[in-house]
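Before any comments, here is the structure.
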Amino acid sequence: MVTAEEFVEKINAGEKIEANNDMSEEYRTALTNLLLQQADSELAGAYGYIPWIEKAPDIHEKVLVAQIVKDEIRHAYAMFNLLAELGMDVESYIKQHDYHFRMPSGQELTSERLTQDKRVNIFYYPIESWTDFILFNFLMDRGAGHQLEDTLESSYAPWMRGLKSIFKEEMMHVVHGDTWFKRLAASPDTKVELQEGLNKWYPRVMNIFGRPNAPGCQTYVKLGLKKRDNHVVRMEYRQEVEEKVLAAGLTMPEWIPYYEQKN
Ligand SMILES: [Fe+2]
Ligand SMILES: [Fe+2]
């Protein structure tokens, strides 16, 4: 068994890791955690979107939402296949979890966990209107895109390869969000609801990035599974959202870092 130090040296030398390579325990644990986070998020995300195939405003949009659902299920499948390659019994894992679970409307979370699966906790919030659905594409798919950017250069080669097409599809979801965001902002009938939705969803998405200088993130960076600190990614994301929000004539919502709030 390779030691943790020897393994980090390999990563630092630019070596890519394959599923059948010897891995340090530290690497296997960190990798499994990140893969599970993405797999569970993709599946829970898809389940949250399914009702919006039926509720989409017109037949063209029903096709687009169905396509997005298919993309997310395929992303989950691709991620679970990577976990199966690492020896996980994927089918029994999926059966143990309730990916439909959503918390009641009107509640807010910071970093709490509500289920045993490893979904990003934005997927605990219910999508209750077409505006919510659009804001999910506009804010959350964009946030996921920023987070996954590092994975395009991951030390784990099978993930890096699999992520290329996933990343392209996530960018298509962002384009869907951007198109509708501009449309809803341009109409006086929908502009107020869009601003209210933005005020609700933006802080929630800002919370998904994790604390600055978190030790867990530093371990991922050391192992080549991430490149940047959580907060660096968050600030890049924030700037991109701000440009779009101001260009659409809306106001940037406030976000108070939960890790600085005093109880
Ligand atoms: Fe996805
Ligand atoms: Fe997506």
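The values are calculated or read from the model by the stated rules, or taken from the named source; none is laboratory data. Nothing here was measured: the structure is a model prediction, and the numbers come from that model. Reconstructed Cβ throughout: ideal geometry from the backbone, glycine too, with neighbour counts over all protein chains shown.
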From the residues in the range 1-52 that are away from ligand 2 (no atom under 16 Å from the Cβ), in contact with a helix residue (DSSP H, G or I) (Cβ under 7 Å, 6 or more places away or on another chain) and of a type in the set (Gly, Ala, Ser), which one is farthest from ASP141 (Cα to Cα)?
ALA4
Lone unmet requirement of (1) more than 11 Å from ligand 2 (Cβ to nearest atom); (2) touching a residue at least 60 places away in the same chain (Cβ under 8 Å); (3) part of a helix (DSSP H, G or I) for ARG142
(1)
It is to be established whether one or more residues within the range 122-138 are modelled with pLDDT under 95, surrounded by 14 or more Cβ atoms within 10 Å (Cβ to Cβ) and not β-branched (Val, Ile, Thr).
no
Looking at (1) away from ligand 1 (no atom under 16 Å from the Cβ); (2) touching a residue at least 40 places away in the same chain (Cβ under 8 Å); (3) within 30 Å of TYR259 (Cα to Cα), which is the only condition LYS118 fails?
(1)
For the subset of the range 145-157 comprising residues that are more than 14 Å from ligand 2 (Cβ to nearest atom) and of a type in the set (S, T, N, Q), which member is nearest to VAL8 (Cα to Cα)?
SER155
Could you look through the range 61-87, keep only residues that are in a helix (DSSP H, G or I) and small (Gly, Ala, Ser), and pick out the one that is nearest to ligand 2 (Cβ to nearest atom)?
ALA76
MET160 vs. criteria closer than 25 Å to TYR27 by Cα and either out of contact with any Ser or Thr (no Cβ under 7 Å at 6 or more places or on another chain) or more than 16 Å from ligand 2 (Cβ to nearest atom) (or both):
yes
Quick one: ASN137 ticks every box in (1) farther than 28 Å from VAL241 by Cα; (2) within 16 Å of ligand 1 (Cβ to nearest atom) except a single one, so which number is it?
(1)
Return a yes/no flag: does the range 103-115 have any residue that is assigned to a helix (DSSP H, G or I) and either within 16 Å of ligand 2 (Cβ to nearest atom) or charged (D, E, K, R) (or both).
no
Scanning the range 1-53 for residues that are of a type in the set (Asp, Glu) and part of a helix (DSSP H, G or I), the one nearest to TYR220 (Cα to Cα) turns out to be GLU26
Mind checking which residues of the range 124-177 are over 12 Å from the mean Cα position of the chain (by Cα) and acidic (Asp, Glu)?
GLU128, ASP132, ASP150, GLU153, GLU169
Within the bounds of the range 225-238, is there any residue that is crowded, with 18+ Cβ neighbours inside 10 Å, acidic (Asp, Glu) and more than 20 Å from ILE134 (Cβ to Cβ)?
yes
Specify the residue that is surrounded by the most Cβ atoms within 10 Å (Cβ to Cβ); the eligible residues are those in the range 48-103 that are in contact (Cβ under 8 Å) with a residue 60 or more places away in the chain and among the small types (Gly, Ala, Ser).
GLY48
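So that you can scan it fast, the table gives a plain yes or no per residue for (1) away from ligand 1 (no atom under 16 Å from the Cβ); (2) under 30 Å from GLU18 (Cβ atoms); (3) not basic (Lys, Arg):
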{"site": "ALA56", "(1), (2), (3)": "yes, no, yes"}
{"site": "HIS60", "(1), (2), (3)": "yes, no, yes"}
{"site": "GLN67", "(1), (2), (3)": "no, no, yes"}
{"site": "PHE80", "(1), (2), (3)": "no, yes, yes"}
{"site": "TYR93", "(1), (2), (3)": "yes, yes, yes"}
{"site": "PHE101", "(1), (2), (3)": "yes, no, yes"}
{"site": "GLY106", "(1), (2), (3)": "yes, no, yes"}
Failed item, numbered, when HIS173 is tested on (1) within 16 Å of ligand 2 (Cβ to nearest atom); (2) touching a strand residue (DSSP E or B) at 6+ places or on another chain (Cβ under 9 Å):
(2)
On the basis of being modelled with pLDDT of 95 or more, closer than 30 Å to SER24 by Cβ and either away from ligand 2 (no atom under 16 Å from the Cβ) or hydroxyl-bearing (Ser, Thr, Tyr) (or both), does SER187 make the cut?
no
